[in-house]
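The values are calculated or read from the model by the stated rules, or taken from the named source; none is laboratory data. This structure is a prediction, so every number in the text was calculated from the model and none was measured. Reconstructed Cβ throughout: ideal geometry from the backbone, glycine too, with neighbour counts over all protein chains shown. Ligands, DNA and RNA are stripped out before the accessible areas are found, and what is left, the full protein with its side chains, is counted by its heavy atoms. Shrake-Rupley method; radii C 1.70, N 1.55, O 1.52, S 1.80 Å.
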Amino acid sequence: MKPAIPPLFRRDFTLVVIGQIISLFGNAILRFALPLYLLRQTGSAQLFGLVGAAAFIPAVLCSPIGGVVADRVNKRNVMVALDASTAGLILVFGLLLGRAPLVPLMIACLMLLYGIAGAYQPAVQASIPLLTAPEQLTGANAVINMVNTLSSLLGPVVGGVLFGVFGIRPILWVSVGCFFLSAVMELFIRIPHRPQAAAGGVLSTVRQDLGESWRFIRRERPVFLSVMMVLALFNLALSAALIVGIPVAVVQTLGMSDRRLGLTQGAMGLGGLFGGLLAAALGRRLQLRRGSVILLSVSLTVAIMGLALLPGTPPALSWWVLTAMSFAVVALSTLLVVVLSAAAQGQTPPELLGKVMAFIMAVSNCASPLGQAVYGTLFQSCSAWAVLLGASLAAVAIAFYSRRVFHELDRI
């Protein structure tokens, strides 16, 4: 008789989930409102893309450092400190808004915000296997992804209403409250922690830990490198196009309101929620070798977005198609993220988990800043439909290339 599997929603995992809901909601309304405020104030898609690219760089750089910290420091303390720091950052930004030059202030705030988020997520990812049974990894990852996407659903919708009616400041104060409340709640989480000996100074320790994670991937799981390369290329070709393109298409090309943009980005969150629910329901029936099919489906969905923006299409119809396809893109992407996260967690030793997950996240996202900068210029000088169709064609080629990589990962 097999031993009974303990329930997934035990005390500490439940507190992590609730803390994520509150913290990520505050993050979601900021990520919606701050770039939109910049786009509304300047009217420049190119500046919008460049600022987004600059903001994303710290997320990539801080992710590996966050992985080192997550493996050496109590993960609860990492979450508490970073949420409290974010509350302080937004409070200072709100006090300086209108008193300091907008563009440098926005770049500094977004860079710090994304950097903190990059350091924060490895602690969450590394805590999941410590709070759940091995059989529950896929379900637990699906729950965390659903929380992320639920916040992404509510954040833009609430942010769009608040921004359209009251402006930027109420959003800042709401987010400060969210981060502070999340930090207080996370004080009560108990996550098992085994201290590891430091290798001298801080820089030596970071260098040794990152080297250890690199050696593990290169020697034990070289297929992880191929997966990271595929994801990096896909983010360069397609994800960056959507990060820049959806706000530009809705606000500038279609001339829609902030509320409509909030609904479109809310549909993306709803798609993530649906994808997470579907991943949780399917569990181990999700097959890694089908990853290339998911990437191909995402690519074709973005092509439909481009076709919907062709000249002569009624703006209302274009918006509905864009919103529906945004839902589909994120639903499909969430399926892939859940199954890849569970596979990486299940194949990595616990003492390396934070570092390896952070390494994967950093390499996978490293091309996104370049992509956002390039797409900002393209959307400024070319028609949105042409840019999205071109991005879709590039992504289709990457999806076909990835077929061999996902088959190899599925055989481990």
task: Provide the FRET efficiency to the nearest 0.05 for the residue 169-residue 44 pair, computing r from the beta carbons and using R0 = 25 Å.
output: 0.65
task: Quick one: which residues, 5 or more positions from residue 383 or on another chain, have an amide H under 5 Å from its amide H? H modelled 1.01 Å from N in the peptide plane, none for Pro or chain starts.
output: none
field: Choice from 211, 306, 160 with maximal GNM fluctuation in the chain (Cα, 10 Å cutoff)
entry: 211
- request: Could you bin all the Cα-Cα distances of the range 27-179 into 5 Å bins starting at 0 and give me the percent of pairs in each, rounded to whole numbers?
  value: 2, 9, 16, 19, 21, 14, 9, 6, 3, 1, 0
message: Could you compute the longest span of the chain free of trypsin sites (Lys or Arg not before Pro) located in DSSP loops and having at most 10 other Cβ atoms within 10 Å, not counting the site residues?
response: 100-410
field: Fluctuation leader among 248, 60, 184 - the chain, Gaussian network, Cα springs under 10 angstrom
entry: 184
- prompt: If ligands, DNA and RNA are left out, what is the accessible area of residue 62 with a 1.4 Å probe, given in Å² to the nearest 10?
  reply: 40
- line: For the residue 257, residue 381 Cβ pair and Förster radius 30 Å, calculated FRET efficiency rounded to 0.05 is 0.75
- request: Given the options 95, 277, 261, state which has the largest fluctuation in a GNM of the chain using a 10 Å cut-off (strictly under) for Cα springs.
  value: 95
- request: Determine the per residue accessible area of the chain with all protein chains present and a 1.4 angstrom probe, expressed in square angstrom.
  value: 41
- line: Here, the range 229-299 modelled as identical Cα point scatterers in vacuum has Debye log10 I(q)/I(0) at q = 0.25 Å⁻¹ of -1.16
Accessible carbon and sulfur surface of the range 294-412 relative to its total accessible area, %, 1.4 Å: 73
field: Structure-based [θ]222 nm, the chain - -39500 (n - 2.57) summed over DSSP H runs of at least 4, per residue, nearest 500
entry: -28000 deg cm²/dmol
task: Just report the Cα centroid separation between the range 12-56 and the range 321-347, whole Å.
output: 19
message: Show me the three semi-axes of the equivalent ellipsoid for the range 54-125, from the C-alpha gyration tensor (sqrt of 5 times each eigenvalue), largest first, rounded to whole Å.
response: 25, 14, 6
Packing rank of 320-328, 307-315, 112-120, where each peptide gets the mean count of other beta carbons within 10 Å, highest leading: 112-120, 320-328, 307-315
Protein accessible area in the range 57-132, 1.4 Å probe - carbon and sulfur %: 76
query: Over all distinct alpha-carbon pairs, what is the Kirkwood Rh of the chain in angstrom?
result: 21.6
